[in-house]
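Okay, structure first, notes after.
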Amino acid sequence: MKKKYIKIAGAVGLLAVAAIGGSLAASYSSTDGIGAAVVDITEGSVNVQIEGSGLTELNGSSNYIEIGSDKECQLDLKNVSDGKNPFTMYAKVVVSSTWNDDELDEKELKDDYVGYKIDGQLVKKVETYAEQYKAGDWIVAKNDGIEMVLYYTKPIKPGEKTSNFVDSISFDKDINNDYLNGKLQFKVAAYSVQENSVTKAMPAEWGVFPKLSDSGEIVEIKEEKKE
């Protein structure tokens, strides 16, 4: 039987954003044609960097993912803050995918054929924050087939890394032939806020409200403040 493949687009965009003290800095870079895998930006003493293996392999016109199999792409974040007063931070990651055809994008919202694994498990579909759940050290707040929104539950000290927010990417074995000539482009955005006053920083920068344990780990993300 002939194996079926989906082609990966030759560009992976990476966006890293650092937020501190109510200010927001942003930068964007496309890896199209240059194969860069890491983009970082510093605001004050906060510096968040996307790292990992397998990302640059998604570049190139000859790259494919076999239907029903996993493509390893192990991505994490690192707090590379330095200087006299480097900050501990909390992080949010958004992983999005876009088909080269608007009709396929609309179908993907319903069909949900693109899959990600975290901590060795396929991420479940999450349409609202009310359905959020924990996968490894990450809270999956959204995963609708187009966009996956994750929050790291632990504060990240300078020099420390998170666990992987993606272990692999796959296409479901039941994907239909409409997608076989499609190309899929992935984008990753990473955001951070400093640990100090995080209950004020997250609402100000991200519009969400964290519930923290006594040890400072995030146990829930709310879209509205509830006493």
By residue number, the members of the range 201-227 that are under 21 Å from Pro158 (Cα atoms), in a helix (DSSP H, G or I) and open to solvent by 40 Å² or more (accessible area, probe 1.4 Å) are Glu205
Does the range 108-121 include one or more residues that are aromatic (Phe, Trp, Tyr) and either farther than 23 Å from Gly216 by Cβ or touching a residue at least 60 places away in the same chain (Cβ under 8 Å) (or both)? yes
Search the range 208-219 for residues that are closer than 17 Å to Leu150 by Cα and pair each with any residue that is loosely packed, with under 13 Cβ neighbours inside 10 Å and hydroxyl-bearing (Ser, Thr, Tyr) when their beta-carbon atoms are under 8 Å apart and the residues are at least 6 apart or on different chains. Phe209/Thr199; Pro210/Thr199; Leu212/Thr199; Val219/Ser213
Hits in the range 127-138 - residues which are part of a strand (DSSP E or B) and either over 19 Å from Lys187 (Cα atoms) or modelled with pLDDT under 90 (or both): Tyr133, Lys134, Ala135
Kindly indicate whether Lys173 is in contact (Cβ under 8 Å) with a residue 40 or more places away in the chain, out of contact with any helix residue (DSSP H, G or I) (no Cβ under 7 Å at 6 or more places or on another chain) and either farther than 30 Å from Lys110 by Cα or not hydrophobic (A, V, I, L, M, F, W, C) (or both). yes
May I ask you to verify whether Ile175 is surrounded by fewer than 22 Cβ atoms within 10 Å (Cβ to Cβ) and at pLDDT below 90? yes
Keeping to the range 178-200, report how many residues are surrounded by fewer than 15 Cβ atoms within 10 Å (Cβ to Cβ) and either in contact (Cβ under 8 Å) with a residue 24 or more places away in the chain or over 25 Å from Phe165 (Cβ atoms) (or both). 4
Top-ranked residue of the range 142-171 - restricted to ones that are out of contact with any Phe, Trp or Tyr (no Cβ under 8 Å at 6 or more places or on another chain) and of a type in the set (A, V, I, L, M), ranked as surrounded by the most Cβ atoms within 10 Å (Cβ to Cβ): Val149
In the range 62-111, residue farthest from Phe171 (Cα to Cα) [restricted to those that are of a type in the set (D, E, K, R) and open to solvent by 70 Å² or more (accessible area, probe 1.4 Å)]: Lys84
The range 114-141, residues that are open to solvent by 30 Å² or more (accessible area, probe 1.4 Å) and among the hydroxyl-bearing types (Ser, Thr, Tyr): Thr128, Tyr129, Tyr133
Would you tally the residues in the range 67-124 being part of a loop (DSSP other than H, G, I, E, B) and not hydrophobic (A, V, I, L, M, F, W, C)? 16
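The values are calculated or read from the model by the stated rules, or taken from the named source; none is laboratory data. These numbers come from a predicted model, not from an experiment. Quick reminder, even Gly has a Cβ in these numbers, built from the backbone with ideal geometry, and neighbours come from all protein chains shown. Just the protein is used for accessible areas: all its heavy atoms, side chains included, with ligands, DNA and RNA removed. Shrake-Rupley method; radii C 1.70, N 1.55, O 1.52, S 1.80 Å.
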